[in-house]
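The values are calculated or read from the model by the stated rules, or taken from the named source; none is laboratory data. The structure presented is a predicted model; accordingly, all values stated were derived computationally and were not measured. In this analysis, Cβ positions are derived from the backbone assuming ideal geometry, glycine residues included, and neighbour counts consider all displayed protein chains.
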Amino acid sequence: MSLLGWSGAAAAANGEPGQWTNGQRLFALQVQPVFAAKCVACHGDDPADLGGAFDLSSRAGLLTGGESGDPAIVPGDHGAGSLYDLLKWEDGYGMPPKETDALTEAQRWAVRDWIDAGAPWPDAATVEAIREAHAPGVTVPTSGGLSKDWTERRYDPADLWAYQPIDDPPIPPTPEGFAAPADSADAFLNASLSEAGLAPAPRADRRTLIRRATFDLTGLPPTPEEITAFLTDDRDDRAAFAAVVDRLLASPHFGERFASNWLDVVRYADSAGFANDFERPNAWRYRDYVVRSFNDDKPFDRFLTEQIAGDELVDSGRLEANSPEGIDALLAVGFLRMGPWEHTGMSVAKITRQQFLDDVTDTVGQTFLAQPLQCAKCHDHKFDPIPTRDYYAIQAAFATTQFADRPVPFHPEEAAEFAGEPEYLRQRLEEARAIQRRIAAKKEAAKKWYADRGLKYGNLNQKREEGAPPEEIAPEELELTVAEYGLERVAKKMLQRHGWELDRYKPMAFSVYSGASPPMKPVFAAMPLPKDRTKGTIAASAILTGGDPFSPGTPVEPGVLSAALLSVSPESEDPVPADVTGRRTALAGWLTDPANPLPARVYANRVWQWLFGRGLAANANNFGGGGATPSHPELLDHLATRLVRGEWKTKPLVRALMLSDAYARASLHPDPAAVAEADPTGSLLAAARPRRLTAEELRDAMLAFTGELNPAIGGAPVRPEIEPEVALQPRQIMGSFAPAWQPNPSPDQRHRRTLYTLKLRGLRDPLLETFNAPAPDAPCEMRETSTIAPQALALMNGRSTYLRALAAADAVLATDPDADEAAVESLFRRAFGRPATDAEREACVSHWHAMTTRHASLHFDPVRPPTEVVRIAVEENTGERFSYVEKLEQAADFEPDLGPDEADARTRGLAEVALVLLNANEFLYVE
Amino acid sequence: MASPLALPRRDALFSLGASVGGLALSALLADEGFGAKAPSATAGDGPTAPKPPHFPAKAKRCIFLTMEGGPSQIDTFDPKPKLRDVHLQEFQAGGEQKSAMASGKRYYVESPFQFMKAGESGADMGTNWPHLAGVADDLCFYRGCQAESVNHPTAMAHINTGNRFGGDPAVGSWVTYGLGSENADLPAFVVLPEVSHPQGGAANWGNGFLPAHYQGTPLRAEGSPILNLAPPEGITRDHQRRNLDLLAELNRRHAADRIAADDPFAQTLAARVESYELAFRMQARVPGLIDIDGEDQATKDLYGVDATDTDAFGRKCLLARRLVERGVRFVQLYHGTWDSHDQLARAHGNLIRQVDRPIAALLTDLKRRNLLDETLVVWTGEFGRSPDNSPRGGIAYGRDHNAKAMTIWMAGGGVKAGHTIGATDELGAEAVECVHPIRDLHVTLLHLLGLDDNRLTYFSSGRFKQLSQFGGKVIEELLA
């Protein structure tokens, strides 16, 4: 299909192209745009205030010149007038006045040639006709920009690829010299390889392949047993690998791994960020909903609809609220409010509301349309056919979306066991209440002192200010100290915070509803569903001038992207109703309409990225003119077509791609020089792309290495040990400090997969952060993998990596206590999934022995977690320091991992070997 | 003993000139004796290699003094005698932009402090800034700046990153991205936070969408200055060397086929090997580089080190001087909290006493070492304070947040020293002269460092992003 609805160069209305002179064309296409951009602001826009009395807005003005009296131009002779010389900016003087604004050489030449051509000045209609006839590219009908220029502007069709209907492109024939493709996706890749004159790398060996596949599909390394089973499978390579892939797709860890990918895109976190960084105690249920959805192979159109409008499906009666489907739908919309957000006593309601609206609009754009809509917030989009009107139309679909922490029963598959945890929170709450009681008692005593004397109560400062005589001021011991004033606030904040955190264990959902906007109050507890959802104001939507919520402009109705092919049903220009409810359901309907080419392409591209390391379109969140164009557009369409035809299911597509030739290639090409020459970016996939483990995979792989990993699925967030300095780092929140990071007392909980660790915006595990886990403030389309020295420091010196090394050494020695070579061998198998070579084994054994000798003279004291931490704060009303003790109540129950104090020198010596293996490139890279 | 895999260690490092990030490989290998003066090393050609500015500029680095919590302009550098006349008269704030806090009765309150004209330039300062008054002629006060948010975390994110809602790179990250580092042994962008991190935490010095090489590195006042810099307990340098040698051997072997085939991925693997060598050297070098114990007693006294009120901030200021002297590009110091809603006289009085001597010492010390000319020093909060007492205030007066008026000052390279630019209204409620938003302050700061905000861009989420978000103006009045 061609560019339906988009028009190319139109026939000229004013004058025939053949009649225009070169001078006229120069004027219309080059000279006048330069004058408009560089000159007329001072010389023409305001006839009453012409700089130097010089008018560049008409030919007459140029002929007359300015106050000097000399003509600016003499038609036919560029050297005769003053203008051309001034534009040259010689001798330190020229026009425009700032040298940095000076015209380019090409622009000056255009002016020169135009003067020499007689300086023709065609009328406006002719200018427009010339521009129209010469304009490259196509126009795109939209709901209209803020200016006519924008509305009529032209696009390079290549930049609009994502907006075109999805073709089902024919599968290319097998090129000469290529084997028949394993999957039709290979046919597309082979065609471009053949065109580039490249042969694909051979198939990777089984050991490499199972490691790659297991990390890609589960985020975990294969166990030694799984490797052995694959290596000894006597079926042919493809059949044996297909069995591995089927096992991995059936594993519940598949859902975890794909959820991890998805949570990057949707900026998932367990806390709200900003001043208080309050925990979002029920966010984890959204995370588990995502895991469940991938494991159940929920069709992507369904998955999308639930996240955009799940609550409306329930509230409209289409889904039963307490059914598994209804529960999932209510949890799914947590997506909408997952961005950083808070509303405190210092917040301005309009601003925080707009912050949500901007976040959700942009995130929906990036997540489902691969179109960062933020670009159209203050003006029409600079590159793409998205008028700012569309931005606010899509935003209007969320104008009646309201936050609520709704009662939602636990899903039958949810892990709703919270042994011990709520009790710790109750201890903290009781401690805060005790502080309050103590301070209240003291205040009472002071009040009584005044009452007994018939005096008015007041604090010391008030009394002094009032000039009360000393005998009418209560004795100092009845006055609250600075520390007590400070503690009063600390206790209040503890009650707020930990009281809210108890909701973690309740059947509630981080969710939304559609309704009128209630008045905003500071939010420091769950937001209940209102009894009457119509109470409040129905927000009117408008284009906000400059993106400012205090400057509403033209009103807008809820809508969708208006660029021609995206109006799914042409007869109803606008598929989203203006009713209070149903807006998001309609938006989801538009998104999942098979005629809308974006979501299917976007998701197919993500799946490709999750398996091959980089999308076919390399900017998975930006298919617009600002993003990279796809390396294999037909392949992307082919995959999108398969996705939709396969009822939007993920697993069949993943399975097919896993079994492709391309996925199974070796990462070292036999002729790297030829690949580097013909395909410097590696986009043709002549060889597989090696990759570093993600931060989460790295931590999980370390736990798998030691055998400590607890593979349980789902549940409330857990807290592993992180660097103690960071765990105890004082962190300001409004009026107090955030609580310390207390690791779970039970190793079982600490050694859960990283997906389940508490993800606070204001306190990130430095190990994960340094290995490029993205900050959850905005959608992340792809992980960065920088190599920085702090990573080496974390892995060589960090306490948690050292404990893993020790645990691995201990585990290995437990099974085979006496055979040195067997122990090293076992470490290699655990770390790299392969036996050690003789040389490696010998080197490691000898290192071990040397280290054991050194360790024999070392003594380690046990390290126990601190039971309290002293917080030194500045009491904000006095600027005076005070301190209080934060009790770390979980320390008493803490069951430590094996520490160096409990390990003998031989174990510690072997731990040094294990630590080296954990740091090795072979451990960190998947090839 | 000789290992069967043993190779000369240098061979195991492969040939790699590129940086390994944040802290790039440098002359550390050769330069074990660090001189006190010149920056020791340059950062090769990696992401943090020194880059020329967009245009020549005097200032080459920046010390950013962040007075977190919002210092009151009225009670520091912008006296308002008129407040004496309206003291305790009722004041009405309103409008849609007010927060829930801004309710209840409010009263104008006069400043509890006395004021003086300091220096030849006659700069307005409270009399409780006796030390800073001594360098008043080096300062350029600016009273025209306006913030956009009256909420701490958003205002802090704004002054630190240009974006109220966070997620963007910090000013120091942008500057480092633009100019690179002059010392490969130290991070290019160093933060000296208070013991407690500010609201918003590490995002205040995060690299946002810029590569991780440009993120700020907080230095701890106590213990290991950089996280995990010290090896685990009991592990000596020699121990660790042995581990690293074994690691290098394993890595060498692992990459052997790729090196033989000249596969480009071998470079990535080599970069990781290099990062370990760099980390190993940093462990030995960094503590000494930042240790102020080597400073003479007179210098320590100048900064108020070991004196009760000034010790904490004095150490930071002295460390800041050591850092810029060693080529660190951007040093940000935190002090606070200046959020004095009540007991203004005591709260601000204490805070001023804590910073007055250290800051004056910093300027004096930079000057006598001929560093002030090429160092830009900025003093600012995230917003100013209101002329009326806070709704939380009792009879002991305080002030509320105020985005419409704040005083900042700059000193050093390229700054119009000895001038006061801009003005607020007669009550200090709102800037009225030479008024500019924070983005213009950012553009000006970049300009002073030779960077053009419109050229210092990075493509992310579909557009070229810049510190000022959408462009801004240089505040010409502040330039020498």
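A few comments on the model shown:
- Odd one out for A:Leu910, checked against (1) surrounded by fewer than 19 Cβ atoms within 10 Å (Cβ to Cβ); (2) more than 12 Å from chain B (Cβ to nearest Cβ): (1)
- Of the residues making up the range B:248-259, those that are under 17 Å from A:Ala687 (Cα atoms) and of a type outside the set (Val, Ile, Thr) are B:Ala255, B:Asp257, B:Arg258.
- Qualifying residues in the range B:163-179 (those that are within 14 Å of the chain's Cα centre (by Cα) and not aliphatic (A, V, I, L, M)) - the one nearest to the other protein chains (Cβ to nearest Cβ): B:Pro169
- In the range A:366-391, the residue that is farthest from the other protein chains (Cβ to nearest Cβ) out of those that are crowded, with 24+ Cβ neighbours inside 10 Å and charged (D, E, K, R) is A:Asp390.
- If you go through the range B:254-264 and pick out every residue that is in a helix (DSSP H, G or I) and either at pLDDT below 90 or more than 7 Å from chain A (Cβ to nearest Cβ) (or both), you end up with 3.
- Of the listed requirements (1) within 14 Å of chain B (Cβ to nearest Cβ); (2) surrounded by fewer than 16 Cβ atoms within 10 Å (Cβ to Cβ), A:Arg433 misses just one: (1).
- Among the candidates B:Glu249, B:Glu148, B:Glu182, B:Glu233, the residue that is assigned to a loop (DSSP other than H, G, I, E, B) and at the interface with chain A (Cβ under 9 Å from one of its Cβ atoms) is uniquely B:Glu233.
- Hey, B:Val324 surrounded by 24 or more Cβ atoms within 10 Å (Cβ to Cβ) and assigned to a helix (DSSP H, G or I) or not: yes
- Pick from the range B:209-230, criterion surrounded by 24 or more Cβ atoms within 10 Å (Cβ to Cβ) and in contact (Cβ under 8 Å) with a residue 24 or more places away in the chain, ranking: farthest from the other protein chains (Cβ to nearest Cβ): B:Gly216
- Lone unmet requirement of (1) out of contact with any Gly (no Cβ under 9 Å at 6 or more places or on another chain); (2) assigned to a loop (DSSP other than H, G, I, E, B); (3) under 29 Å from A:Pro407 (Cα atoms); (4) hydrophobic (A, V, I, L, M, F, W, C) for A:Leu495: (2)
- Inside the range A:730-771, residues that are more than 21 Å from A:Leu693 (Cβ to Cβ), of a type in the set (S, T, N, Q) and more than 9 Å from chain B (Cβ to nearest Cβ) make up a count of 5.
- Filtered residue count, the range A:588-634, keeping only those that are assigned to a helix (DSSP H, G or I) and of a type in the set (S, T, N, Q): 3
- Residues of the range B:338-380 that turn out to be surrounded by 23 or more Cβ atoms within 10 Å (Cβ to Cβ), more than 9 Å from chain A (Cβ to nearest Cβ) and small (Gly, Ala, Ser), as a count: 2
- Test: A:Ala727 is under 30 Å from A:Ser194 (Cα atoms), modelled with pLDDT under 95 and within 14 Å of chain B (Cβ to nearest Cβ): no
- Identity of the residue in the range B:444-467, more than 12 Å from chain A (Cβ to nearest Cβ) and in contact with a strand residue (DSSP E or B) (Cβ under 9 Å, 6 or more places away or on another chain), that ends up surrounded by the fewest Cβ atoms within 10 Å (Cβ to Cβ): B:Thr457
- All told, A:Ser143 falls short of being of a type in the set (S, T, N, Q) and surrounded by fewer than 17 Cβ atoms within 10 Å (Cβ to Cβ).
- Residue match in the range A:767-784 (condition: buried (at least 24 other Cβ atoms within 10 Å of the Cβ), in contact with a His (Cβ under 7 Å, 6 or more places away or on another chain) and part of a loop (DSSP other than H, G, I, E, B)): no
- Candidate set: the range A:337-361, residues that are of a type in the set (D, E, K, R) and either modelled with pLDDT of 95 or more or within 17 Å of B:Met156 (Cβ to Cβ) (or both); chosen: the one farthest from the chain's Cα centre (by Cα): A:Arg353
- The range B:189-208 - residue that is within 12 Å of another protein chain (Cβ to nearest Cβ) and touching a helix residue (DSSP H, G or I) at 6+ places or on another chain (Cβ under 6 Å) and, of those, surrounded by the fewest Cβ atoms within 10 Å (Cβ to Cβ): B:Asn207
- Filter result for A:Asp861 (under 26 Å from B:Pro231 (Cβ atoms), acidic (Asp, Glu) and within 11 Å of chain B (Cβ to nearest Cβ)): yes
- Scope the range A:868-896; condition within 14 Å of another protein chain (Cβ to nearest Cβ) and part of a loop (DSSP other than H, G, I, E, B); matching residues: A:Glu876, A:Asn877, A:Thr878, A:Gly879
- Residue match in the range A:812-827 (condition: within 11 Å of chain B (Cβ to nearest Cβ) and either at pLDDT 95 or above or touching an Asp or Glu at 6+ places or on another chain (Cβ under 8 Å) (or both)): no
- Being touching a residue at least 12 places away in the same chain (Cβ under 8 Å) and either touching a Leu at 6+ places or on another chain (Cβ under 8 Å) or away from chain B (no Cβ under 12 Å) (or both) is a description that applies to A:His847.
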